[in-house]
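Q: Handing you a structure now.
The values are calculated or read from the model by the stated rules, or taken from the named source; none is laboratory data. Note that this is a predicted model, so its numbers are computed, not measured. As a convention, Cβ positions derive from the backbone with ideal geometry for all residues, glycine included, and neighbour counts pool all protein chains shown. For the accessible areas, the whole protein counts, side chains as well, though only heavy atoms, and no ligand, DNA or RNA atoms are used. Shrake-Rupley method; radii C 1.70, N 1.55, O 1.52, S 1.80 Å.
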Amino acid sequence: MNSNKPATTQAAHSARILDGNAASAAVIERVHDSIERHVAAGGRRPGLAVVLVGADPASQIYVRAKRRDCERAGIEARDFDLDASTSQETLLDLIQQLNDDPAIDGILVQLPLPAQIDEVAVTNSIDADKDVDGFHAFNVGRLALRQPGLRPCTPRGVMALLSFHGLEIRSKHAIVVGASNIVGRPMSLELLLAGATTTVTHRFTHDLEDHVRQADVVVCAVGKPGVVRPEWIQPGAIVVDVGINRMADGRITGDIDFEAASQRAAWISPVPGGVGPMTRAMLMLNTAEAAGLQVELPYHPHSTG
Ligand SMILES: NC(=O)C1=CN([C@@H]2O[C@H](COP(=O)(O)OP(=O)(O)OC[C@H]3O[C@@H](n4cnc5c(N)ncnc54)[C@H](OP(=O)(O)O)[C@@H]3O)[C@@H](O)[C@H]2O)C=CC1
Ligand SMILES: Nc1nc(=O)c2c([nH]1)NC[C@@H]1CN(c3ccc(C(=O)N[C@@H](CCC(=O)O)C(=O)O)cc3)C=[N+]21
Ligand SMILES: [Mg+2]
């Protein structure tokens with residue numbers, strides 16, 4: 001073979017795994033313990049309303065998984081499955097009822113919503129104290145101002161996944177690839193809050209490769225396989241792959257070539273089994289916290305400020 005590598009190469013390095021299944025199970029167990037103690041002492045069981053508009057197959061899968069998580073956590077799930085043609089007015093009326101319902105501690109409206117409904121109007125109509133997705137402008141503003149309230153589940157889940165494995169973030173150079181309202185932007189606010197020097201890249205970024213090559217921590221949330229090339233990863237970096245891409249055979253894969261990136265990174269999150277389960281665990285944690293419970297976490301959260 002015409003390779004310029006010596007015949008005897010170094011033993012292939014392989015990154016350690018950021019285990020989202022283990023970390024999420026540990027979080028959900030603590031949420032469950034806290035809820036059962038609260039209920040045994042005469043407290044009301046926390047309630048989560050899950051609103052699904054339409055029958056998008058991916059959304060149906062997530063909503064089913066959330067129901068299972070609620071069972072494991074001891075949270076009462078109330079499902080509201082609305083027709084795809086539901087008007088914005090009808091949805092806003094339902095949210096108003098849920099805002100006023102004392103048995104409901106958390107409200108989640110599954111995104112994306114059908115085109116006739118304004119997602120911003122819906123998100124901001126949820127009582128900020130019941131906004132367990134953390135998408136309300138007030139809660140995002142609190143995160144930006146170092147007064148975190150309810151925090152978006154995926155970015156909080158990434159931070160929890162890093163904490164669970166004992167990884168320090170303060171003073172590291174972090175890059176976030178993707179700048180959406182639900183992942184990239186709040187992710188950059190979480191990293192900033194944890195004391196990382198944080199670069200945010202997006203569709204208009206010209207020199208993505210240069211930014212990735214400088215990063216100690218790479219969080220990728222785009223939804224395009226291969227958007228970050230494994231050879232750009234700095235040896236010893238922490239790689240968190242938020243992306244979920246469905247392949248022709250129905251299986252899912254991340255945005256970054258896992259095998260190749262594992263040869264360079266110190267730590268890497270797999271897809272499936274990385275950030276996805278953490279997102280769902282944070283939804284359970286946020287719901288318990290919205291109900292006023294304190295949950296003893298199975299890790300030391302990154303200090304803030
Ligand atoms: N594991 C989990 O728990 C979750 C996973 N996901 C997955 O994460 C991925 C991202 O989700 P989401 O944020 O909702 O997706 P969006 O499509 O809303 O956002 C993608 C972001 O990536 C940016 N982008 C597009 N191309 C590039 C590029 N070449 N370089 C850098 N940035 C680029 C977009 O820019 P612009 O804003 O200009 O369009 C946008 O900011 C998806 O695969 C989704 O399935 C999502 C939520 C939870
Ligand atoms: N209001 C709202 N809140 C959300 O948090 C929200 C949303 N809308 N819309 C869609 C995205 C996507 N999302 C995921 C959650 C868990 C997994 C997850 O558990 N994934 C598993 C595997 C799932 C599978 O096999 O399909 C894993 O990665 O291991 C994935 C994706 C939440 N989202
Ligand atoms: Mg840079």
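Q: Among the residues of region 148-197, what is the count of those that are away from ligand 1 (no atom under 16 Å from the Cβ), within 19 Å of W232 (Cβ to Cβ) and open to solvent by less than 10 Å² (accessible area, probe 1.4 Å)?
A: Matching residues across region 148-197 total 1.
Q: Do we have E190 as out of contact with any Gly (no Cβ under 9 Å at 6 or more places or on another chain), within 16 Å of ligand 2 (Cβ to nearest atom) and not in a loop (DSSP other than H, G, I, E, B) here?
A: yes
Q: Please go through (1) out of contact with any Lys or Arg (no Cβ under 6 Å at 6 or more places or on another chain); (2) under 26 Å from L283 (Cβ atoms); (3) of a type outside the set (A, V, I, L, M) for G195 and return the number of the only condition it doesn't satisfy.
A: Unmet for G195, out of (1) out of contact with any Lys or Arg (no Cβ under 6 Å at 6 or more places or on another chain); (2) under 26 Å from L283 (Cβ atoms); (3) of a type outside the set (A, V, I, L, M): (1).
Q: Out of V227, V200, V222, which single residue is surrounded by fewer than 22 Cβ atoms within 10 Å (Cβ to Cβ), at pLDDT 95 or above, out of contact with any helix residue (DSSP H, G or I) (no Cβ under 7 Å at 6 or more places or on another chain) and β-branched (V, I, T)?
A: Every option except V227 fails the conditions.
Q: If you take the residues of region 189-223 that are among the charged types (D, E, K, R) and closer than 21 Å to G157 by Cα, which of them is nearest to the chain's Cα centre (by Cα)?
A: It comes out as E190.
Q: Kindly indicate whether any position in region 197-214 is within 14 Å of ligand 2 (Cβ to nearest atom), in contact (Cβ under 8 Å) with a residue 24 or more places away in the chain and not in a helix (DSSP H, G or I).
A: The answer is no; no qualifying residue exists.
Q: Also: Of all helices (runs of 4 or more DSSP H) completely enclosed by region 1-117, which ones contain at least 3 residues that are touching a Gly at 6+ places or on another chain (Cβ under 9 Å) and modelled with pLDDT of 95 or more?
A: 20-40
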